[in-house]
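Please read the structure below before turning to the comments.
The values are calculated or read from the model by the stated rules, or taken from the named source; none is laboratory data. Being a predicted model, the structure only gives us computed values, none of them experimental. Every residue, glycine among them, receives a Cβ derived from its backbone with ideal geometry; neighbour counts consider all protein chains shown.
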Amino acid sequence: VELTKDPRQLDLFNPPTTTKIVKEQSLSRKPILLFDMDGVMANYYGRFLELWRSIYTDREFIPEGELKTFYLEDSYREEYREDIRELTTSCGFFRGIKPISGSIETLRKILSDGIFEPFICSSPEVEAEEQCCFSEKAQWVEDHLGREWTERLILTKDKTLVYGDFLIDDKPVIKGINHKKAWTRVVFDQSYNKGVIGPRLNGWADWDKLEPGLLRMFKNMQILEKVALKRNL
Ligand SMILES: [Mg+2]
(Lines give C-alpha, C1' and ligand atoms only; values in the text may rest on other atoms or scores of the structure.)
Protein backbone atom coordinates (compact mmCIF):
# COMPACT_ATOMS: atom_id res chain seq x y z
CA VAL A 1 0.00 0.00 0.00
CA GLU A 2 1.52 3.28 -1.13
CA LEU A 3 0.39 5.76 1.46
CA THR A 4 2.83 8.43 0.35
CA LYS A 5 1.63 8.61 -3.23
CA ASP A 6 0.64 12.09 -4.37
CA PRO A 7 -3.18 12.01 -4.68
CA ARG A 8 -2.94 14.12 -7.84
CA GLN A 9 -1.05 11.25 -9.49
CA LEU A 10 -3.76 8.67 -8.82
CA ASP A 11 -5.30 6.89 -11.73
CA LEU A 12 -9.00 7.49 -11.11
CA PHE A 13 -10.03 4.65 -13.39
CA ASN A 14 -7.88 2.12 -11.50
CA PRO A 15 -7.86 3.37 -7.90
CA PRO A 16 -5.21 1.72 -5.72
CA THR A 17 -6.16 0.21 -2.37
CA THR A 18 -5.26 3.44 -0.55
CA THR A 19 -8.25 5.30 -1.96
CA LYS A 20 -10.48 2.48 -0.75
CA ILE A 21 -8.97 2.77 2.72
CA VAL A 22 -9.64 6.51 2.70
CA LYS A 23 -13.21 5.79 1.56
CA GLU A 24 -13.74 3.33 4.43
CA GLN A 25 -12.31 5.81 6.92
CA SER A 26 -14.73 8.46 5.68
CA LEU A 27 -17.55 6.17 6.78
CA SER A 28 -16.52 6.51 10.43
CA ARG A 29 -17.47 10.15 10.61
CA LYS A 30 -20.04 12.13 12.56
CA PRO A 31 -23.55 12.32 11.10
CA ILE A 32 -24.14 15.67 9.38
CA LEU A 33 -27.31 17.54 10.33
CA LEU A 34 -28.73 20.30 8.14
CA PHE A 35 -31.15 22.64 9.90
CA ASP A 36 -33.52 24.84 7.95
CA MET A 37 -34.03 28.40 9.24
CA ASP A 38 -37.54 29.72 8.54
CA GLY A 39 -40.22 27.74 10.34
CA VAL A 40 -37.56 25.61 12.12
CA MET A 41 -35.04 27.90 13.82
CA ALA A 42 -36.60 31.27 13.02
CA ASN A 43 -40.24 32.25 13.60
CA TYR A 44 -40.93 33.59 10.11
CA TYR A 45 -44.71 33.63 10.47
CA GLY A 46 -44.53 35.32 13.89
CA ARG A 47 -42.46 38.12 12.34
CA PHE A 48 -44.98 38.50 9.51
CA LEU A 49 -47.91 38.70 11.97
CA GLU A 50 -46.16 41.26 14.14
CA LEU A 51 -45.70 43.59 11.13
CA TRP A 52 -49.01 42.79 9.40
CA ARG A 53 -51.04 43.54 12.51
CA SER A 54 -49.20 46.77 13.24
CA ILE A 55 -49.51 48.10 9.65
CA TYR A 56 -52.95 46.76 8.68
CA THR A 57 -54.78 47.08 11.99
CA ASP A 58 -58.22 46.66 10.38
CA ARG A 59 -57.40 43.55 8.35
CA GLU A 60 -58.06 39.93 9.25
CA PHE A 61 -55.18 37.60 10.10
CA ILE A 62 -54.59 33.91 10.74
CA PRO A 63 -53.27 33.25 14.27
CA GLU A 64 -49.91 31.51 14.74
CA GLY A 65 -50.13 27.74 14.54
CA GLU A 66 -53.23 27.81 12.29
CA LEU A 67 -51.73 28.25 8.81
CA LYS A 68 -52.90 25.53 6.43
CA THR A 69 -50.43 26.25 3.60
CA PHE A 70 -46.63 26.48 3.54
CA TYR A 71 -46.69 29.72 1.52
CA LEU A 72 -48.59 32.05 3.81
CA GLU A 73 -49.96 34.16 0.92
CA ASP A 74 -51.93 31.07 -0.20
CA SER A 75 -53.81 31.13 3.12
CA TYR A 76 -54.76 34.81 2.79
CA ARG A 77 -57.20 36.58 0.49
CA GLU A 78 -55.99 37.06 -3.07
CA GLU A 79 -56.25 40.87 -2.78
CA TYR A 80 -53.60 40.84 -0.02
CA ARG A 81 -51.01 38.95 -2.07
CA GLU A 82 -49.01 42.00 -3.18
CA ASP A 83 -48.95 43.53 0.31
CA ILE A 84 -47.74 40.23 1.76
CA ARG A 85 -44.94 39.96 -0.81
CA GLU A 86 -43.89 43.54 -0.19
CA LEU A 87 -43.72 42.97 3.54
CA THR A 88 -41.86 39.66 3.52
CA THR A 89 -39.31 40.77 0.91
CA SER A 90 -38.51 44.12 2.53
CA CYS A 91 -35.06 44.75 3.98
CA GLY A 92 -35.05 44.29 7.72
CA PHE A 93 -37.71 41.58 7.65
CA PHE A 94 -35.37 38.62 8.08
CA ARG A 95 -32.98 40.11 10.57
CA GLY A 96 -35.90 41.00 12.86
CA ILE A 97 -37.25 37.44 13.04
CA LYS A 98 -37.27 35.95 16.55
CA PRO A 99 -35.81 32.48 17.13
CA ILE A 100 -38.25 29.62 17.66
CA SER A 101 -38.15 28.69 21.33
CA GLY A 102 -35.38 26.19 22.11
CA SER A 103 -33.70 26.32 18.68
CA ILE A 104 -30.60 28.32 19.64
CA GLU A 105 -29.94 26.42 22.87
CA THR A 106 -30.42 23.05 21.15
CA LEU A 107 -28.07 23.86 18.25
CA ARG A 108 -25.38 25.01 20.69
CA LYS A 109 -25.82 21.81 22.70
CA ILE A 110 -25.63 19.61 19.60
CA LEU A 111 -22.31 21.23 18.66
CA SER A 112 -20.84 21.00 22.15
CA ASP A 113 -21.95 17.36 22.61
CA GLY A 114 -19.82 16.52 19.56
CA ILE A 115 -21.93 13.58 18.36
CA PHE A 116 -23.25 15.32 15.24
CA GLU A 117 -21.92 17.94 12.81
CA PRO A 118 -24.66 20.59 12.73
CA PHE A 119 -25.07 23.03 9.81
CA ILE A 120 -27.73 25.58 8.93
CA CYS A 121 -29.16 25.18 5.44
CA SER A 122 -31.51 27.88 4.24
CA SER A 123 -33.04 29.10 0.97
CA PRO A 124 -32.89 32.88 0.77
CA GLU A 125 -35.50 35.12 -0.81
CA VAL A 126 -34.12 36.15 -4.21
CA GLU A 127 -37.09 37.78 -5.93
CA ALA A 128 -36.86 41.13 -4.16
CA GLU A 129 -35.07 43.92 -6.00
CA GLU A 130 -32.69 44.54 -3.12
CA GLN A 131 -30.94 41.28 -2.28
CA CYS A 132 -30.77 41.85 1.47
CA CYS A 133 -32.01 38.39 2.49
CA PHE A 134 -28.59 36.75 1.91
CA SER A 135 -26.75 39.11 4.24
CA GLU A 136 -29.59 39.28 6.77
CA LYS A 137 -29.60 35.52 7.16
CA ALA A 138 -25.86 35.59 7.91
CA GLN A 139 -26.44 38.49 10.31
CA TRP A 140 -29.25 36.59 12.00
CA VAL A 141 -26.96 33.62 12.61
CA GLU A 142 -24.28 35.93 14.01
CA ASP A 143 -26.82 37.81 16.21
CA HIS A 144 -28.24 34.67 17.79
CA LEU A 145 -25.49 32.04 17.62
CA GLY A 146 -22.29 34.05 17.26
CA ARG A 147 -19.81 34.73 14.47
CA GLU A 148 -18.34 31.21 14.45
CA TRP A 149 -21.68 29.74 13.37
CA THR A 150 -21.62 31.73 10.11
CA GLU A 151 -19.00 29.15 9.05
CA ARG A 152 -21.79 26.59 9.37
CA LEU A 153 -24.27 28.48 7.20
CA ILE A 154 -25.22 27.15 3.76
CA LEU A 155 -27.44 29.38 1.61
CA THR A 156 -28.87 27.71 -1.48
CA LYS A 157 -32.05 27.70 -3.54
CA ASP A 158 -31.61 23.95 -4.10
CA LYS A 159 -31.14 21.85 -0.97
CA THR A 160 -31.00 18.60 -2.95
CA LEU A 161 -27.46 19.60 -4.00
CA VAL A 162 -26.26 19.81 -0.39
CA TYR A 163 -24.50 16.83 1.20
CA GLY A 164 -25.66 15.72 4.65
CA ASP A 165 -27.31 12.84 6.50
CA PHE A 166 -30.46 14.52 7.79
CA LEU A 167 -32.28 17.68 6.74
CA ILE A 168 -34.61 19.07 9.40
CA ASP A 169 -37.14 21.17 7.49
CA ASP A 170 -40.76 22.32 7.71
CA LYS A 171 -41.46 22.49 3.96
CA PRO A 172 -43.88 19.73 2.93
CA VAL A 173 -42.09 18.80 -0.33
CA ILE A 174 -38.43 19.56 -1.02
CA LYS A 175 -37.56 19.38 -4.69
CA GLY A 176 -34.46 20.13 -6.74
CA ILE A 177 -32.39 18.97 -9.67
CA ASN A 178 -30.61 16.18 -7.75
CA HIS A 179 -32.87 13.14 -7.50
CA LYS A 180 -30.28 11.17 -5.50
CA LYS A 181 -30.21 13.52 -2.54
CA ALA A 182 -27.84 12.49 0.22
CA TRP A 183 -29.99 13.34 3.24
CA THR A 184 -33.00 11.79 4.88
CA ARG A 185 -35.59 14.40 5.56
CA VAL A 186 -36.91 15.02 9.11
CA VAL A 187 -40.17 17.00 9.26
CA PHE A 188 -40.18 19.91 11.70
CA ASP A 189 -43.78 19.90 12.90
CA GLN A 190 -45.96 22.79 11.73
CA SER A 191 -49.72 23.12 11.13
CA TYR A 192 -49.20 22.99 7.32
CA ASN A 193 -47.16 19.75 7.19
CA LYS A 194 -49.25 17.37 9.35
CA GLY A 195 -49.82 14.97 6.43
CA VAL A 196 -46.15 14.54 5.57
CA ILE A 197 -44.85 11.05 6.37
CA GLY A 198 -41.40 10.38 7.86
CA PRO A 199 -39.36 11.09 10.99
CA ARG A 200 -40.72 14.16 12.76
CA LEU A 201 -39.42 16.68 15.29
CA ASN A 202 -42.33 17.94 17.38
CA GLY A 203 -40.65 21.11 18.58
CA TRP A 204 -37.16 21.64 20.02
CA ALA A 205 -38.04 20.23 23.44
CA ASP A 206 -38.33 16.85 21.70
CA TRP A 207 -34.80 16.84 20.28
CA ASP A 208 -33.49 14.44 22.94
CA LYS A 209 -36.17 11.91 21.96
CA LEU A 210 -35.30 12.12 18.26
CA GLU A 211 -31.52 11.84 18.63
CA PRO A 212 -31.24 8.06 19.35
CA GLY A 213 -33.43 7.27 16.31
CA LEU A 214 -31.26 9.42 14.04
CA LEU A 215 -28.10 7.74 15.33
CA ARG A 216 -29.58 4.29 14.71
CA MET A 217 -30.59 5.26 11.18
CA PHE A 218 -27.12 6.68 10.52
CA LYS A 219 -25.40 3.50 11.75
CA ASN A 220 -27.64 1.35 9.55
CA MET A 221 -26.86 3.53 6.54
CA GLN A 222 -23.13 3.18 7.28
CA ILE A 223 -23.44 -0.62 7.38
CA LEU A 224 -25.16 -0.55 3.99
CA GLU A 225 -22.45 1.73 2.58
CA LYS A 226 -19.70 -0.58 3.89
CA VAL A 227 -21.38 -3.63 2.34
CA ALA A 228 -21.67 -1.78 -0.99
CA LEU A 229 -18.00 -0.76 -0.75
CA LYS A 230 -16.85 -4.37 -0.11
CA ARG A 231 -18.84 -5.56 -3.13
CA ASN A 232 -17.01 -3.03 -5.30
CA LEU A 233 -13.56 -4.24 -4.20
MG1 LIG B 1 -38.53 26.49 6.35
Return yes or no: is residue 154 within 14 Å of the ligand (Cβ to nearest atom), of a type outside the set (Lys, Arg), surrounded by fewer than 20 Cβ atoms within 10 Å (Cβ to Cβ) and part of a strand (DSSP E or B)? yes
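Quick one: in the range 112-131, which of the residues that are under 26 Å from residue 29 (Cα atoms) and without any contact (Cβ under 8 Å) to a residue 24 or more places away in the chain is surrounded by the most Cβ atoms within 10 Å (Cβ to Cβ)?
By that ranking, first place goes to 113.
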Pick from the range 200-221 the residues that are under 15 Å from the mean Cα position of the chain (by Cα) and not in a helix (DSSP H, G or I): which of them is surrounded by the most Cβ atoms within 10 Å (Cβ to Cβ)? 201
Taking the range 174-220, which residues are under 19 Å from residue 29 (Cα atoms), out of contact with any Pro (no Cβ under 9 Å at 6 or more places or on another chain) and in contact (Cβ under 8 Å) with a residue 12 or more places away in the chain? 181, 182, 183, 211
Residue by residue through the range 175-188, note down the ones that are surrounded by 15 or more Cβ atoms within 10 Å (Cβ to Cβ) and more than 11 Å from the chain's Cα centre (by Cα). 181, 182, 184
If a residue must be over 17 Å from the mean Cα position of the chain (by Cα) and modelled with pLDDT of 95 or more, how many such residues does the range 110-134 contain? 4
A careful count of residues in the range 183-199 that are in a strand (DSSP E or B) and within 13 Å of the ligand (Cβ to nearest atom) gives 4
